[in-house]
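First comes the structure, then the notes that go with it.
The values are calculated or read from the model by the stated rules, or taken from the named source; none is laboratory data. Fair warning: this is a prediction, and the values are worked out from it, not measured in the lab. Every residue, glycine as well, gets a Cβ built from its backbone with ideal geometry; the counts of neighbours run over all protein chains shown. To get the accessible areas, we keep the full protein, side chains included, count just its heavy atoms, and leave off ligands, DNA and RNA. Shrake-Rupley method; radii C 1.70, N 1.55, O 1.52, S 1.80 Å.
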Amino acid sequence: MANTYVLAGGCGCCCLFVIALIVMLAMSFAKVETSQWALRYNWWSESVGKEPITQAGVQYVGVGNYLITFPATNKYCYFRNFDNSFTPDKDDVFQPPITVRTNDGLKVRLEMEFVYRLQMANLYHLYMLVGNAGYRNTMVHLAEGVITEHATKFSAQAFYGDRGDVADAFKAAITEALAKHLFIDVQSFQLQPAHFPQAYAAAIVETQEMKQDIQVAEQENKTKVIRKQTELFNARQLANQIIIKAEGNAQQILLANQADVAQYKYRQQVLAEGYSKALDFFGGQDAVPHFLEYMKLEALKAHNSTAKTIKLNPIA
């Protein structure tokens, strides 16, 4: 009977040992998600491993040890006013707009957002500096300080007239500060339209309306100038066409007159030569009377006798 109790006690101890061993083995593993990086925390030495774990999956950490996880993807930090329809991600940061003063003393509320990512190689330094979750609050305070300081370098007009330049300056300042002091890289930055005091905002609206009126007037003036320039160009083209046509007509008339004169001179020259030969043919003292008589006969032969009757008087 005693042996039976001893055997049963031994079996119980073995079972408890196996169960304890299984539990300890189960507690020696931890899982890293695909969107996470991790540092190994050693419970026995109360220390953190310097090398980050970047491979997703189940990792052996040892009995009593565990993983300190960090986001491995891009995250957002908002300084915005959102309605209830917006659902934030658990790792994103949401803060109200930042109130700043410009270099001319005007109080302005700024809405902005930036995308950030932790530096994988510096996870250990980040943890030793602020812990695994404290970097969010530190990042918010650091970003607010940088924006508040750099806002004093710009006038109120720059926040609605040159917002691109202001956004570039803010991005450069935040990128430098977070990378230097908190081991965080800023991926992108967006500055929303600023919120001004009511009187100043009304003045901005009035100024914009006046600028639009000026732009419309300038555009109308340009349109009228272009229209008049077109009319002047068309008138000059028409005048050039008239001048070219008139010069062509004058040249044509000149050439026709020159041709008529040349023909007339040639005809007169031929007639003169003919008359000269005729006078030579009838030579002598009575050459002229005989030549005239000959011309009358030639005219008579060429005349149509049915049209007229011509009376010829004999030469005395």
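Worth a mention:
Quick grid of which residues meet (1) hydroxyl-bearing (Ser, Thr, Tyr); (2) more than 17 Å from Phe70 (Cβ to Cβ):
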site	(1), (2)
Val115	no, no
Gln119	no, no
Tyr200	yes, yes
Thr207	yes, yes
Thr223	yes, yes
Glu231	no, yes
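- Filter pass, Gln157 being touching a strand residue (DSSP E or B) at 6+ places or on another chain (Cβ under 7 Å) and open to solvent by 70 Å² or more (accessible area, probe 1.4 Å): no
- Residues that are open to solvent by 60 Å² or more (accessible area, probe 1.4 Å) and either among the aliphatic types (A, V, I, L, M) or closer than 16 Å to Thr138 by Cα (or both), drawn from the stretch 74-94: Tyr76, Phe94
- Selection status of Phe170, buried (at least 20 other Cβ atoms within 10 Å of the Cβ) and out of contact with any Asp or Glu (no Cβ under 9 Å at 6 or more places or on another chain): yes
- First in the stretch 102-119 and small (Gly, Ala, Ser), second anywhere and open to solvent by 40 Å² or more (accessible area, probe 1.4 Å) and at pLDDT 95 or above, Cβ under 7 Å, 6 or more apart: none
- Check on Lys245, assigned to a helix (DSSP H, G or I), touching a residue at least 40 places away in the same chain (Cβ under 8 Å) and either small (Gly, Ala, Ser) or surrounded by 10 or more Cβ atoms within 10 Å (Cβ to Cβ) (or both): no
- Annotation for the stretch 131-143: no member residue is farther than 24 Å from Asp92 by Cβ and of a type in the set (D, E, K, R).
- Options Gln263, Gln219, Gln208; residue that is open to solvent by 100 Å² or more (accessible area, probe 1.4 Å) and either within 30 Å of Asp162 (Cα to Cα) or in contact (Cβ under 8 Å) with a residue 12 or more places away in the chain (or both): Gln219
- Within the stretch 100-133, the set of residues being buried (at least 17 other Cβ atoms within 10 Å of the Cβ), assigned to a strand (DSSP E or B) and out of contact with any Asp or Glu (no Cβ under 7 Å at 6 or more places or on another chain) comprises Val100, Val108, Leu110, Met112, Glu113, Phe114, Leu118.
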